[in-house]
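To start, the structure under review is shown below, and the notes come after it.
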Amino acid sequence: MNSIRKHRTLALIAGALTLGPIAWAALAPIHSDSRDELFEIPNGTWARRMAGDAVEILPNEIVLTLGVRDTLVLKNLDDVPQIFGPTLMMPGQSFRLPFALASSYQFACTAHASGQMTVIVEEFPETPWARLRWRARELWPA
């Protein structure tokens with residue numbers, strides 16, 4: 001009888017240790033210290049690309065979340081101008097683009113070999129399941 005009680009107690013503790021973090025991830029509010037998602041174009045990017053290097057400095061797809069990280073910030077550290085969408089970023093210049101609508105956006109981008117970049121803006125994760133998925137994606141990006 002004592003052994004059964006001990007196993008039940010251990011099972012309860014193991015369940016609490018497993019389900020506790022999952023419950024927190026699903027129920028705790030999401031906040032961020034900054035709503036900016038910063039990406040930098042390093043110095044020498046253009047020269048490396050012109051030399052034939054396959055330079056991948058920015059992801060082809062950037063995912064932002066409304067109300068958490070919904071402002072894209074690009075900083076041009078290269079020594080040549082870069083174009084993002086309709087904006088010409090001179091060397092040393094930063095560009096901030098806040099988003100207010102969840103959608104998928106296509107931009108021309110000279111920092112990419114393909115010349116394009118996609119920005120996906122997702123809705124704020126309102127439900128517990130959405131918060132759980134958002135936190136899991138933050139911990140283990142694809």
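The values are calculated or read from the model by the stated rules, or taken from the named source; none is laboratory data. It should be emphasised that the depicted structure is a prediction, and the values quoted were computed from it without experimental measurement. All Cβ positions, glycine included, derive from the backbone under ideal geometry; neighbour counts span all protein chains shown. Side chains are part of the model used for accessible areas, which takes the heavy atoms of the whole protein and leaves out ligands, DNA and RNA. Shrake-Rupley method; radii C 1.70, N 1.55, O 1.52, S 1.80 Å.
Tabulated values for the structure
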quantity: Stokes-Einstein translational diffusion, segment 51-141 - Kirkwood Rh over all Cα pairs, 1.002 mPa s, 20 °C, in µm²/s; calculated: 147
quantity: Accessible area of segment 90-137 belonging to carbon and sulfur atoms, whole % at 1.4 Å probe; calculated: 62
quantity: Environment charge at L58 (Cβ cut-off 14 Å; Lys +1, Arg +1, Asp -1, Glu -1); calculated: -2
quantity: Cβ-based charge dipole, segment 24-142, positive-most Cα from N76, I41, P128; calculated: P128
quantity: Debye, to nearest 20: dipole size of segment 37-117, +1 on Lys, Arg Cβ, -1 on Asp, Glu Cβ; calculated: 120
